[in-house]
1. State all residues of the range B:202-221 that are basic (Lys, Arg) and either at pLDDT 95 or above or outside any loop (DSSP other than H, G, I, E, B) (or both); if no residue qualifies, say none.
2. Would you mind telling me which numbered condition in (1) out of contact with any strand residue (DSSP E or B) (no Cβ under 8 Å at 6 or more places or on another chain); (2) within 16 Å of ligand 1 (Cβ to nearest atom); (3) among the charged types (D, E, K, R) A:Lys55 fails?
3. Please go through (1) over 11 Å from the mean Cα position of the chain (by Cα); (2) more than 16 Å from ligand 1 (Cβ to nearest atom); (3) small (Gly, Ala, Ser) for A:Gly190 and return the number of the only condition it doesn't satisfy.
4. Let me confirm something: among A:Ala33, A:Ala96, A:Ala78, which residue is among the hydrophobic types (A, V, I, L, M, F, W, C) and closer than 30 Å to B:Ile160 by Cα?
5. Among the numbered criteria (1) among the β-branched types (Val, Ile, Thr); (2) within 13 Å of chain A (Cβ to nearest Cβ); (3) not in a helix (DSSP H, G or I), which one does B:Val121 miss?
6. Could you list, in sequence order, all residues of the range A:176-232 that are under 27 Å from A:Gly122 (Cβ atoms) and of a type in the set (Gly, Ala, Ser)?
7. Please determine whether any residue of the range A:112-129 is of a type outside the set (Lys, Arg), more than 14 Å from B:Ile160 (Cα to Cα) and within 16 Å of ligand 2 (Cβ to nearest atom).
8. Can you tell me which residue among A:Arg97, A:Arg124, A:Arg168, A:Arg93 is under 19 Å from the mean Cα position of the chain (by Cα) and more than 14 Å from chain B (Cβ to nearest Cβ)?
Amino acid sequence: MTDLSHAFAAAADTPLLQVKNLTKRYGARMGCADISFDVYQGEVLGIVGESGSGKSTLLSCLAGHMRPDQGEVFFQTAQGARDTVQMGEAERRRLARTDWAYVHQNPRDGLRMGVSAGGNVGERLMAIGARHYGDIRASAIDWLGRVEIDAGRIDERPSAFSGGMQQRLQIARNLVTAPRLVFMDEPTGGLDVSVQARLLDLLRGLVREMGLSAIIVTHDLAVVRLLADRLMVMKDGHVVERGLTDQVLDDPQHEYTQLLVSSVLQV
Amino acid sequence: MTDQAYNFAYLDEDTKRMIRRAILKGVAIPGYQVPFASREMPMPYGWGTGGVQVTAACLTPDDVLKVIDQGADDTTNAVSIRKFFVATAGIAVTEATDKATIIQTRHRIPEAALTAGQIMVYQVPIPEPLRFLEPREVETRKMHELEEYGLMHVKLYEDIAKHGQIATSYAYPVRVEGRYVMDPSPIPKFDNPKLSGNAALQLFGAGREQRIYAIPPFTHVVSLDFDDHPFSPSKANHSCDLCASDTSYLDEVITDDQGGRMFVCSDTDYCATRRAAGHIGALGGQTITEKAAE
Ligand SMILES: Nc1ncnc2c1ncn2[C@@H]1O[C@H](COP(=O)(O)OP(=O)(O)OP(=O)(O)O)[C@@H](O)[C@H]1O
Ligand SMILES: [Mg+2]
């Protein structure tokens, strides 16, 4: 076996992300408790649960926005699996702008509102060293097209865009460097139902086309039904059920999941 | 003839020592913004209190001071600062670049090459080059620490997207010795190349923002740009109407209300020195006042 094929074989059965016993408290209140799971290359993991169940806390700890009290988060890098909780901030921030992407629920948190759409999409390219204006602009135009924003609006600021457009712009800005792992916190939250549907379609297309690995937090079961390969259900900071998405949604075992699923079916 | 009410150069010795420590740290880490406890000076912030404090901390009784404002030695700001140091330090002053040991400046670097042993002191209004796109101080410090400078190019990208070229013509950002990105103070980008490899020590003082930074002699300073939009230190496509220099930075001056105008060196000392040496521009070597008097 050559070195290359060996590395390839290792990549195939080593998780991209390995989370072990992750716990985060806010003083006496529990954020998320003793959470462990793996995410493999090309896989989309959905995390669902009611408001306050610890979804955003967990995601923030994974993306390095918040430091967990306990636990390990191993990310597969070129140098092998590295615990992102223990690594220095410089290295973690480098991963954040090269290998990871983070889509915020509120596009205002993920966009630079004072910078044109093109500048927003180009920022990550420039952050990793792109220095050819023409190439950066061409990538921006390409990505605006991929998220269905008219290229003619490339020089407008996001404040001139609708909520749905802003969210699509945020997605383009995040995916332009082909990150290896995408974190999304309620990417369709706060949008009208029809706008949500269009965004979901678009996300599904991108996930398939790019073979994205992603962790999507949502309280909307329709989102995970459409996007997630596997599902984790959270309640009071704990994971109460996990499995293949269809399995969990069609045959929920935990009574809380049953409640969650049935309340959706009633809508 | 020092005014008895003040310590030499106005500031007390403890304050000067504190400022010198900040300067030394700045010299040790070229381009890094060193925080310092800026003092109230008997003049408004817009008058360059940061530069004045740096000058005060550097001055010795033997120094010869030159003060430039917009390239000229005779504007109100330059005259006041010069008077201030004559009154408080009793030092000698000059308008000649080559005679000065310390040159405090706003807006320009002299045309004449600076020499070893000279100190340039720049007045800086906003020292943080990332401030434009990232208002959070904690975040910009982090970006400097981790060399996350992509945002500087976002600013240049926006310029080109809006104007078809990099329209930033003053305070054009630079990278110092391959490390810190720095705001060179509001000098025209025409002056940027002089920042690099300069024999003089260059010190930058921001009073309101309480920052000091430095470019030690012979430091490599590069103006940021794109491969397909390279930095270019542009100037008016003209020669000086007074001294005929075609390499100096020119100001366009309106000479009458019939649309008359002329181009003259912004560096008044440089222009006068050339005229004294016999160089005559298109308008016959008349000064603006002479022309206006006709
Ligand atoms: N900054 C904070 N300080 C204190 N407690 C917090 C903080 N952020 C979250 N919590 C608490 O931690 C628990 C988990 O919150 P988290 O925001 O992770 O939930 P969530 O599942 O994302 O909820 P939602 O669906 O409403 O976004 C909740 O009890 C919440 O009140
Ligand atoms: Mg949340």
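1. B:Arg211
2. In the conditions (1) out of contact with any strand residue (DSSP E or B) (no Cβ under 8 Å at 6 or more places or on another chain); (2) within 16 Å of ligand 1 (Cβ to nearest atom); (3) among the charged types (D, E, K, R), A:Lys55 misses (1) alone.
3. Only one criterion is unmet by A:Gly190, namely (2).
4. Of the residues listed, the single one that is among the hydrophobic types (A, V, I, L, M, F, W, C) and closer than 30 Å to B:Ile160 by Cα is A:Ala96.
5. For B:Val121, the failing item is (2).
6. A:Ala178, A:Gly189, A:Gly190, A:Gly205, A:Gly211, A:Ser213, A:Ala214
7. Looking for residues that are of a type outside the set (Lys, Arg), more than 14 Å from B:Ile160 (Cα to Cα) and within 16 Å of ligand 2 (Cβ to nearest atom), one finds none in the range A:112-129, hence no.
8. Working: A:Arg97 fails: more than 14 Å from chain B (Cβ to nearest Cβ); A:Arg124 fails: more than 14 Å from chain B (Cβ to nearest Cβ); A:Arg93 fails: more than 14 Å from chain B (Cβ to nearest Cβ).
The match here is A:Arg168.
The values are calculated or read from the model by the stated rules, or taken from the named source; none is laboratory data. Quantities reported herein were computed from a predicted structural model and do not represent experimental measurements. Reconstructed Cβ throughout: ideal geometry from the backbone, glycine too, with neighbour counts over all protein chains shown.
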